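S.K.: Before we start, here is the structure in question, set down as structure tokens.
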Amino acid sequence: VTAGDGQRLVGARMTAAVRCAPPENKPTTGERDSCAPWLAAELAQLLGEELRVIVCLGQFAWQVIWAQLAAAGLTVPRPRPAFGHAVEAELPSAGGLLVLGCYHPSQQNTFTGRVTSAMLDAVFARAREHARL
């Protein structure tokens, strides 16, 4: 609930496709491209470890990750899987890396019920389940 609530991020890492708060919460392609080197560097580091799952919060992140994975030399599905909540795509060429789609937990999505706590919990439970395989 708050930054000091005692929760910890264990065995996971959070990163962002765009590292700023763009106007109207709609990142531009220019902002995406400006931030791409930082995401590529983080992804390269994670791929060198035992990366098992990527959860994309929102369609923008979903679109960005496929280009990043391809640029990192991984074989990505063609055509690219369509974004949706709880959509899964496994990459055998990356040791079974699982990419999960999740509606973004923005105020607009949570206030309207497009995404609920239960929906978020289900996506992250699936991510944890796959990571433990």
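The values are calculated or read from the model by the stated rules, or taken from the named source; none is laboratory data. Worth saying up front: this structure is predicted, and the values here are computed from it rather than measured. Don't worry about glycine lacking a Cβ; one is built from the backbone with ideal geometry, like all the others, and counts go over all protein chains shown. Note: areas computed on protein heavy atoms with side chains; ligands, DNA, RNA excluded. Shrake-Rupley method; radii C 1.70, N 1.55, O 1.52, S 1.80 Å.
S.K.: Which condition from (1) out of contact with any Pro (no Cβ under 7 Å at 6 or more places or on another chain); (2) open to solvent by less than 80 Å² (accessible area, probe 1.4 Å); (3) not aliphatic (A, V, I, L, M) is the one that Gln45 breaks?
M.R.: (2)
S.K.: Does Gly11 count as touching a Phe, Trp or Tyr at 6+ places or on another chain (Cβ under 9 Å) and under 23 Å from Arg126 (Cα atoms)? Lay out the reasoning, then the answer.
M.R.: Values: touching a Phe, Trp or Tyr at 6+ places or on another chain (Cβ under 9 Å): no; under 23 Å from Arg126 (Cα atoms): yes.
No; evaluated as a whole, the condition is false for this residue.
S.K.: State which residue pairs qualify: first residue in contact (Cβ under 8 Å) with a residue 24 or more places away in the chain and inside the range 1-23, second residue open to solvent by less than 100 Å² (accessible area, probe 1.4 Å) and in a loop (DSSP other than H, G, I, E, B) in any location, beta carbons under 6 Å apart, and separation of 6 or more residues or different chains.
M.R.: Here the result reads Val18/Pro27, each pair linking the range 1-23 to a residue that is open to solvent by less than 100 Å² (accessible area, probe 1.4 Å) and in a loop (DSSP other than H, G, I, E, B).
S.K.: Check the range 81-100 and report whether any residue there is at pLDDT below 95, small (Gly, Ala, Ser) and crowded, with 16+ Cβ neighbours inside 10 Å.
M.R.: yes
S.K.: Right, another one. Looking at the structure I just gave you, is Arg32 open to solvent by 90 Å² or more (accessible area, probe 1.4 Å) and in contact with a helix residue (DSSP H, G or I) (Cβ under 8 Å, 6 or more places away or on another chain)?
M.R.: When the stated conditions are applied, Arg32 does not pass them.
S.K.: Could I ask something else about it? Which numbered condition trips up Gly58, out of (1) open to solvent by 90 Å² or more (accessible area, probe 1.4 Å); (2) on the phi > 0 side of the Ramachandran plot?
M.R.: For Gly58, the exception is condition (1).
S.K.: Then there is this: Limited to the range 101-120, what total is found for residues that are of a type outside the set (Gly, Ala, Ser), open to solvent by less than 20 Å² (accessible area, probe 1.4 Å) and in contact with a Gly (Cβ under 9 Å, 6 or more places away or on another chain)? Spell out how you get there, then give the answer.
M.R.: Of all residues in the range 101-120, those of a type outside the set (Gly, Ala, Ser) come to 102-105, 107-112, 114-116, 119-120.
Subsequent filtering for residues that are open to solvent by less than 20 Å² (accessible area, probe 1.4 Å) retains 102, 115.
Remaining after also requiring in contact with a Gly (Cβ under 9 Å, 6 or more places away or on another chain): 102.
Summing the residues that are of a type outside the set (Gly, Ala, Ser), open to solvent by less than 20 Å² (accessible area, probe 1.4 Å) and in contact with a Gly (Cβ under 9 Å, 6 or more places away or on another chain) in the range 101-120 gives 1.
S.K.: For the condition open to solvent by less than 40 Å² (accessible area, probe 1.4 Å) and in contact with a Phe, Trp or Tyr (Cβ under 7 Å, 6 or more places away or on another chain), what is the one hit in Val123, Val76?
M.R.: Result of the check over Val123, Val76: Val76.
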